[in-house]
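Written below as structure tokens is the structure these notes are about.
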Amino acid sequence: MKRQIIRRRISYISFFFFPATFVYFSPYVIIDASAKGIICGSFFMFILLFIGSLIFGRAFCSWACPIGGAQEMISPLKKKFAIKGKITKWLIWAPWIIAIIVVAIHNGGYQEIDPFYRTNHGFSLGSIYTGIAYLAVLALIFIPYFTVGSRSFCRHICWIAPFMILGRRIQNLLKTPSLKLVKTDNDCIDCNRCTKNCLMGLDVENMIKINKMENSECILCGNCADVCRKGCIKLKFK
């Protein structure tokens, strides 16, 4: 379980620094900057996450995402998983991307690069308005968590996940090496430990049985591999 201890600590640290970094994940700031012809920090962040997903899939979600860290910290308080409605984040993401493109074109494209746009020398909490925005983001994390189910933000709201899902699909088409869950030759004993310990509530045991370890909602935390007594699953580059 050493890997899980390390992973959780990294995600907790990421959440600890979220007050300093949340502007770089903001869906609003990139639209506001695009309206002024500015390529901002969140623009670079989303591009980097897309590129990173070509190698690491959605591992960012479980290893380094501050929002994922926040949800994991409160995971003992909620065991019900939000397993339906994953299309809703695409209904949020698509109009948002269109809005960015339309606003940028309408204002003559990009003329300036400012990675620290809307920050206080790179630190996100620079005014009362960003403080209110930060609290609003926390509400988006915790209210769905307790009303809909565990990791509901990841399933239904996250505007970051589609970048990585698309990157993963492109990687699968290119068949380039990447971080993956891999089924080994060891026989599954149907203990269901993998499914019970999946952070996203996936039916991992069934994925093993049908030998289909790829799932767009898998965040490659490796928890299923670490709890499997028979070593039926491995998290590795393939």
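The values are calculated or read from the model by the stated rules, or taken from the named source; none is laboratory data. Everything quoted here is computed from the prediction, not taken from an experiment. Here the Cβ positions follow ideal geometry from the backbone for every residue, glycine too, while neighbour counts run over all protein chains shown. With ligands, DNA and RNA removed, areas are computed over all heavy atoms of the protein, side chains included. Shrake-Rupley method; radii C 1.70, N 1.55, O 1.52, S 1.80 Å.
Against the list (1) touching a helix residue (DSSP H, G or I) at 6+ places or on another chain (Cβ under 8 Å); (2) in contact (Cβ under 8 Å) with a residue 60 or more places away in the chain, the condition residue 111 fails is (1). Scanning region 41-69 for residues that are crowded, with 21+ Cβ neighbours inside 10 Å, of a type in the set (Gly, Ala, Ser) and out of contact with any Cys (no Cβ under 9 Å at 6 or more places or on another chain) yields 41, 42, 53, 69. Any residue in region 191-203 that is acidic (Asp, Glu), more than 24 Å from residue 53 (Cβ to Cβ) and surrounded by fewer than 18 Cβ atoms within 10 Å (Cβ to Cβ)? No, region 191-203 contains no residue that is acidic (Asp, Glu), more than 24 Å from residue 53 (Cβ to Cβ) and surrounded by fewer than 18 Cβ atoms within 10 Å (Cβ to Cβ).
Cβ-Cβ distances below 6 Å connect the following pairs, each with a first residue in region 190-202 that is assigned to a loop (DSSP other than H, G, I, E, B), a second residue that is open to solvent by 50 Å² or more (accessible area, probe 1.4 Å), and a separation of six or more residues or different chains: 201/81; 201/83. Only residues that are of a type in the set (A, V, I, L, M, F, W, C) and closer than 24 Å to residue 145 by Cα were counted across region 192-238, and they come to 11. Of the candidates 183, 230, the single residue that is more than 14 Å from residue 62 (Cβ to Cβ), of a type in the set (Lys, Arg) and surrounded by 15 or more Cβ atoms within 10 Å (Cβ to Cβ) is 183. When residue 121 is tested against the conditions (1) in contact (Cβ under 8 Å) with a residue 60 or more places away in the chain; (2) over 23 Å from residue 161 (Cα atoms), the lone failure is (1).
Taken over region 135-170, the criterion of being assigned to a helix (DSSP H, G or I), among the hydroxyl-bearing types (Ser, Thr, Tyr) and open to solvent by less than 30 Å² (accessible area, probe 1.4 Å) is satisfied by 145, 152. Given the structure, is residue 208 within 15 Å of residue 58 (Cβ to Cβ), β-branched (Val, Ile, Thr) and in contact (Cβ under 8 Å) with a residue 12 or more places away in the chain? Considered against the rule, which asks whether it is within 15 Å of residue 58 (Cβ to Cβ), β-branched (Val, Ile, Thr) and in contact (Cβ under 8 Å) with a residue 12 or more places away in the chain, residue 208 comes out as no.
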